[in-house]
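K.L.:
Structure below; questions to follow.
The values are calculated or read from the model by the stated rules, or taken from the named source; none is laboratory data. Just so you know, these numbers come straight off a predicted model, no measurement behind them. Reconstructed Cβ throughout: ideal geometry from the backbone, glycine too, with neighbour counts over all protein chains shown. Accessible surface areas use protein heavy atoms only, side chains included; no ligands, DNA or RNA. Shrake-Rupley method; radii C 1.70, N 1.55, O 1.52, S 1.80 Å.
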Amino acid sequence: MIAYLEHFVHGNDTESMPNDDVAGLEDTFQFGDAGIAIKDFGGMKSANPLAVIRPSAAGDVARAVRAAARTSNLTVAARGNGHSINGQAMADKGLVLDMRAMKDHFQLVDGSPYVDVSGGALWEEVLESCVSQFGLAPRSWTDYLGLTVGGTLSNAGVSGQAFRYGPQTSNVTELEVVTGKGDTLVCSETQNSELFFATLGGLGQFGIITRARVVLQQAPDMVRWIRVVYSEFEDFSGDAEWLVSLREGDGFDYVEGFVVVNSDDPLNGWTTVPMDPNQRFEPVHVPPTAGAVLYCLEAALHYRKSDHPSDVDMEVDRLLGRLRFVESLKFEVNVTYMEFLLRVKRVEEDARANGIWDAPHPWLNLFVSKSNMADFDREVFKKILKHGIGGPILVYPLLRSKWDSRHSVVVPDSNIFYIVALLRFIPPPPKGPPTELLVAQNNAIIQLCYNRGFDFKLYLPHYQSRENWMLHYGDKWTRFVDRKANFDPLAILAPGQKIFSRIPQPLSIT
């Protein structure tokens, strides 16, 4: 098989498979350009896959995994839209499955608020199909929707709706998964449940998601999108925590927040707060006691076109009236639901136009316990990052009760914890700082969390040692290892995560 694939990669004429066990693959698989899998969105890692396969169905995925299992060294990585940061979707000298080739599956489940979608579909595609065809939409999102269903479900999938409905992993009821043994299994809470729980947030270690059944709800028509500014972290965090604690129907439908530099810096400062070109941030309203950074609370209220504008105003005023933001620093716009959910697409378009989208992205994502956030603010936001990062610094609270502890993803022990996301969009050197310097800054922040004994976890984790992975999973490490042994005993899947090493023992598959 390896000899055959090498012939294919180097553009030589195909020839018969050298092993009867994998004969026929040349007639089954559609191969793609291996160049797409050399790098990812992070732009900091590279790997040379043996081949890229474009599966058209779960059976193709299973055959590729089985073919790898019959060898002593091949690994398999599922690649969605390539948005991993540290090479998590790469397979050096292995097989990369281009899951976008399976993007077309979309079927509303009869008589129920669910839709079956391909693991290779983008959430943007799911949104457009659900809303345009049925007036329905998934409940939980990521900020950027140019990500695949299988990719986010393998991590968690977090945005401003997660405080109410939980991450995307908490909003699926069934999966079709190809395990590391090459078995194709349908799983749910009641059927093959251990595989279901393992796969959700499992970093691709236990199976490749080829289909997901996603929970839907009625899609609103419009969104009142609001940003208010704070000078004190205590006021910002207290208000954000109060908002996410309100029952459904009593509060906003979306709550996020971010840090901005208290200056006119066009990339990091005041001008990043307004949502409309006609809006202006007037720094004269910033309290003289404000420090190096400010905090912006972002909220959204869904409504129907038939709702009277005064009713929407009244509900917004009721909620904002309880908050302690700087009175004159409030910004509001009305947008369609689709415009709101696709808001980050404009960021992508601008970044592509400026040549920044393809630059390295040394991002860092953390979950930090509520009890440690005041110290984190003081040491990280106000000191290490006081000049900004050339992109959004997201910070907002989440509720642990909305996360299922049976899933593989791990979060802090606190009932309320914050996501902190450093999303740098900066030009490469020499216009921007060396990428190594920014990675070192990330590592310094992580080390500070360790040194201070913070209750924290990396989101979209990437570690260099088994010891750090054990520390990450804590008392759930044994469960993680047992699941790996059960569903991917040769450690074939997702080698780019650098958690397990491929076991050089071919698997006997009939």
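K.L.:
Can you tell me the equivalent ellipsoid semi-axes for the stretch 185-268? Use √(5λ) from the Cα gyration tensor, largest first, whole Å.
P.N.:
Working: eigenvalues 280, 74, 43 Å².
Working through the eigenvalues yields semi-axes of 37, 19, 15 Å.
K.L.:
Let me check something: with ligands and nucleic acids excluded, how do Val333, Val439, Val178 order by accessible area (1.4 Å probe), largest to smallest? Before the final figure, lay out each step's value.
P.N.:
Details: Val333 25, Val439 50, Val178 0 Å².
Ranked from most to least accessible, the order is Val439, Val333, Val178.
K.L.:
Using θ = phi - 60° and the Karplus form 6.51 cos²θ - 1.76 cosθ + 1.60, what ³J(HN,Hα) does each residue of the stretch 93-104 get, whole Hz, x for Gly and Pro?
P.N.:
So the J values, rounded to whole Hz, are 6, x, 9, 10, 9, 7, 5, 5, 5, 9, 6, 7.
K.L.:
Any idea of Trp357's accessible area? Nearest 10 Å², probe 1.4 Å.
P.N.:
Counting only protein heavy atoms, the figure is 20 Å².
K.L.:
Now a separate question. Can you figure out the FRET efficiency of Val284 with Lys305, using R₀ = 41 Å and their beta-carbon distance, to the nearest 0.05? Mind showing how you got there, number by number?
P.N.:
Details: r = 37 Å, r/R0 = 0.90.
Efficiency, from the Cβ-Cβ distance: 0.65.
K.L.:
Now for a separate question. What percent does the relative contact order of the chain come to when contacts are Cα pairs within less than 8 Å and at least six residues apart?
P.N.:
Numbers: 1088 pairs, mean separation 89.8, N = 510.
In percent, rounded to a whole number, it is 18.
K.L.:
Karplus couplings for the stretch 321-330 from phi (6.51 cos²θ - 1.76 cosθ + 1.60, θ = phi - 60°), rounded to Hz, Gly and Pro as x?
P.N.:
x, 8, 9, 10, 6, 5, 3, 8, 10, 10
K.L.:
What is the dipole size for the stretch 197-330, taken about its Cα centre, with +1 at each Lys and Arg Cβ and -1 at each Asp and Glu Cβ, in debye to the nearest 20?
P.N.:
Working: 12 positive and 21 negative charges, 117 e Å.
In total the dipole reaches around 560 debye.
K.L.:
Something else now. Can you divide the C-alpha Rg of the stretch 28-85 by 2.2 N^0.38 Å and report the result to two decimal places? Numbers along the way, then the final one.
P.N.:
Values: Rg = 12.1 Å, N = 58, 2.2 N^0.38 = 10.3 Å.
For the stretch 28-85, the normalised Cα radius of gyration is 1.17.
K.L.:
Can you give the accessible area of Lys93 in Å² (nearest 10), computed on protein heavy atoms with a 1.4 Å probe?
P.N.:
Per-residue accessible area (Lys93): approximately 140 Å².
K.L.:
Could you tell me how far the Cα centroid of the stretch 381-448 sits from the Cα centroid of the stretch 36-90, in Å?
P.N.:
27
K.L.:
Determine ³J(HN,Hα), in whole Hz, for all residues of the stretch 280-285 in sequence, where each value follows from phi through the Karplus function 6.51 cos²θ - 1.76 cosθ + 1.60 and θ = phi - 60°; x replaces Gly and Pro.
P.N.:
Computed from phi, the couplings for the stretch 280-285 are 10, 8, 9, x, 4, 7 Hz.
K.L.:
Just to be sure I follow the definition: excluding the sites themselves, where is the longest run in the chain that has none of the GluC sites (Glu not before Pro) in a DSSP loop with at most 15 other Cβ atoms within 10 Å?
P.N.:
Details: sites that count: Glu15, Glu189, Glu248, Glu327.
No qualifying site falls inside 328-510, the longest such stretch.
K.L.:
Quick one: Cα centre-to-centre distance for the stretch 291-346 and the stretch 149-226, in angstrom?
P.N.:
The two parts, judged by their Cα centres, are 29 Å apart.
K.L.:
Mind checking the full-extension length gain between Ser405 and Asn334? Use 0.36 nm per residue of separation minus the Cα-Cα distance, one decimal, nm. Write down the numbers at each step before the final one.
P.N.:
Details: separation 71, 0.36 × 71 = 25.56 nm, distance 3.71 nm.
Gain on stretching Ser405 to Asn334: 21.9 nm.
K.L.:
What figure in square angstrom, to the nearest 10, would you give for the accessible area of Leu147 with a 1.4 Å probe?
P.N.:
Accessible area of Leu147: about 40 Å².
K.L.:
Name the residues of the stretch 495-509 whose amide N is less than 20 Å from a point 7 angstrom out from the Cα of Met470 along the C-beta direction?
P.N.:
The answer is 497-503.
K.L.:
Treating the beta-carbon of each Lys and Arg as +1 and of each Asp and Glu as -1, no other charges, what is the dipole magnitude of the chain about its Cα centre, to the nearest 20 debye? Could you put the intermediate results ahead of the total?
P.N.:
Values: 48 positive and 62 negative charges, 220 e Å.
That gives the chain a dipole magnitude of about 1060 debye.
K.L.:
Which of the lysines could a cross-linker span from Lys498 if the Cα-Cα distance has to be under 22 Å and same-chain partners fewer than 8 positions apart are dropped?
P.N.:
Qualifying lysines at Cα under 22 Å: Lys39, Lys45, Lys93, Lys181, Lys457, Lys476, Lys484.
K.L.:
Then there's this: What is the distance, in nm, between label points placed 7 Å from the Cα along the Cα-to-Cβ direction at Gln30 and at Ser245?
P.N.:
That separation, rounded to one decimal, is 5.3 nm.
K.L.:
Give the calculated FRET efficiency between Trp357 and Ile384 to the nearest 0.05, with a Förster radius of 35 Å applied to their Cβ-Cβ distance. Don't jump to the answer; show the numbers that get you there.
P.N.:
Values: r = 26 Å, r/R0 = 0.73.
That pair, Trp357 with Ile384, gives E of 0.85.
K.L.:
Continuing with this model, one more query. Between Arg324 and Ala57, what length comes free when the chain is fully extended (0.36 nm per residue of separation minus the Cα-Cα distance, one decimal in nm)? Provide the component values of the computation, followed by the final result.
P.N.:
Numbers: separation 267, 0.36 × 267 = 96.12 nm, distance 5.28 nm.
Difference between extended and current length: 90.8 nm.
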